[in-house]
1. How high is the relative contact order of the chain, given as a whole-number percent (alpha carbon pairs under 8 Å, six or more residues apart)?
2. Given the C-alpha centroids of region 33-92 and region 116-167, what is the distance between them in whole angstrom?
3. At a 1.4 Å probe radius, which order do T21, T57 fall into by accessible area, largest first?
4. For A167 and S28, compute 0.36 nm times the residue count separating them, minus their Cα-Cα distance, and round to one decimal in nm.
5. Semi-axes, largest first, in whole Å: what does sqrt of 5 times each Cα gyration tensor eigenvalue give for region 14-177?
6. So what is the calculated 222 nm ellipticity per residue for the chain, using -39500 (n - 2.57) for each DSSP H run with n of 4 or more, over all residues, to the nearest 500 deg cm²/dmol?
7. Between S39 and Y4, what FRET efficiency follows from the Cβ-Cβ distance if R0 is 45 Å, with the result rounded to 0.05?
8. Treating the angle as unsigned and between 0 and 90°, give the value, to the nearest 10°, between the Cα long axis of helix 38-47 and the longest Cα principal axis of the chain.
Amino acid sequence: MKAYDIKKYLKSSRIMGRKSTFSNAFASALAPFDEYSESTVNSSITDLGQNPEDELTCVYCDAPAATWDHVFNRVIAGEFSGYGHRIRNLVPSCRTCNERKGKKNWRDFIIHEGRPNLENRIARMEKFLSADEARPTTMDDIRNAAQPELDRFLEIRSEVFRLLEEADAVAKSIRQKL
Ligand SMILES: [Zn+2]
């Protein structure tokens, strides 16, 4: 490290630098979730080719599962994706696969990892995702169910961003007076 490396610390920080955190929070807030239902959980685990009574294994690599992976992320490019904390969007996963998969598409991830039984693994996921309960909630679904509330929600989001921009401008003029 050189003395001049300190330069990268010598700058102001902007609230809008966190814009994606706020966007994600708004998008996630729209994501639906399922109430726990033993029969729905059991049928989804069965579709994944596992016995709901047994210790579950990772759908991506067969190691003991330690987490539930969201097959589809709730937020894509700052917008609600249509998927939530739903039983048919959560699959047993080991920590390593959950982290490695990240935002990747499940099928690309499985193919890329090249584990044994590729075709069976994909077929089980397709079966799991073919159920009615796996269908995403589209923005049209939300509009049809709650147009006025959605309009207000989007208005609030814009207003929050406008206020954050303003706060950055005010903070800048405060710094200039110091
Ligand atoms: Zn795994």
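1. Value for the chain: 24 percent.
2. Taking the Cα centre of region 116-167 as reference, the centre of region 33-92 is 16 Å away.
3. T21, T57
4. Contour length minus the Cα-Cα distance gives 47.6 nm.
5. 38, 20, 12
6. Only helices count here, giving -16500 deg cm²/dmol.
7. That gives a FRET efficiency of 0.10.
8. It works out to around 70 degrees.
The values are calculated or read from the model by the stated rules, or taken from the named source; none is laboratory data. Since we're looking at a predicted model, the values are computed, not measured. Neighbour counts run over all protein chains shown; Cβ positions are idealised from the backbone, glycine included. The protein model used for the area step is the full one, side chains on, heavy atoms only, and it has no ligands, DNA or RNA in it. Shrake-Rupley method; radii C 1.70, N 1.55, O 1.52, S 1.80 Å.
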